[in-house]
Amino acid sequence: MPSFTTTNGPLPENSGWSLYGGRLFAQVPARVTATAADDDIEPIEHHVELEIDVVEGRLACTELRAARTEGGPPITSDHLRRIPVGSWVELAAEKLNVVQAIEPTPDGESFRAIDFAWPSTEFVDDGPTEEALESISQIFAFCMATGQKPIAVLAREYGLTKQTASRWIATAKRRGILVEEHRKVDGDAAG
């Protein structure tokens, strides 16, 4: 796998998007640069940059640039098809912290962005409790924001049936725990 770096350009601190009613924060636009690593099984043969931003509540690649490296081959459609854009956007969200969770500061007056952490699998043991619905909402929001399929993640990683996962998500929405509201944030407040 290539090595990745990200930059957010000349943005004011905490500028980006508040996602899912202030549950997540995406500091975008961000530029992700992929560089071939020595141990790559199938190294990329070009310098690749992705511009990432939020489109309709989801992190998305809004621009892709590929440049021939010195002494490298010319860019062909075969080379471009090998770039796993969706996987790299997901990687930027989770591993490069382009998307983070939001928590209130100790004074309760503002919010701060922290690394997203997947909830423990134990929340499914007691049924759709408030805690379980909060965990479902975290998972749903992060999956939707990063282009993953929340029902599939809940089934694969947490052992919920698809019907149960769908029902719990609907319950979280109905109770106002999961809110699908997104807004652009300019300035010092992430929430």
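The values are calculated or read from the model by the stated rules, or taken from the named source; none is laboratory data. Only a predicted model underlies this, so the values are computations on that prediction, with no experimental measurement involved. Positions of Cβ are backbone-derived with ideal geometry, glycine not excepted, and every protein chain shown enters the neighbour counts. Side chains are part of the model used for accessible areas, which takes the heavy atoms of the whole protein and leaves out ligands, DNA and RNA. Shrake-Rupley method; radii C 1.70, N 1.55, O 1.52, S 1.80 Å.
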Entirely in segment 93-191, the strands (runs of 3 or more DSSP E) that have 2 or more residues that are more than 19 Å from Asp53 (Cα to Cα): 99-104, 111-114
For segment 24-41, which positions are open to solvent by 40 Å² or more (accessible area, probe 1.4 Å) and in a loop (DSSP other than H, G, I, E, B)? Gln27, Pro29, Ala36, Asp38, Asp39, Ile41
Against the definition (within 21 Å of Asn97 (Cβ to Cβ) and modelled with pLDDT under 75), how does Gly9 come out, yes or no? yes
Please enumerate the residues belonging to segment 42-67 that are surrounded by 13 or more Cβ atoms within 10 Å (Cβ to Cβ), at pLDDT 85 or above and charged (D, E, K, R). Glu49, Glu51, Asp53, Arg58
The condition from (1) surrounded by fewer than 13 Cβ atoms within 10 Å (Cβ to Cβ); (2) touching a helix residue (DSSP H, G or I) at 6+ places or on another chain (Cβ under 8 Å) that Glu94 misses is numbered (1)
Segment 106-136: number of residues that are open to solvent by less than 30 Å² (accessible area, probe 1.4 Å) and either within 18 Å of the chain's Cα centre (by Cα) or of a type in the set (S, T, N, Q) (or both): 3
Quick check, is Pro150 touching a Cys at 6+ places or on another chain (Cβ under 6 Å), under 16 Å from Leu24 (Cα atoms) and either open to solvent by less than 30 Å² (accessible area, probe 1.4 Å) or not β-branched (Val, Ile, Thr) (or both)? yes
Met144 vs (1) surrounded by 12 or more Cβ atoms within 10 Å (Cβ to Cβ); (2) in contact with a Cys (Cβ under 7 Å, 6 or more places away or on another chain); (3) of a type outside the set (Ser, Thr, Tyr): all pass except (2)
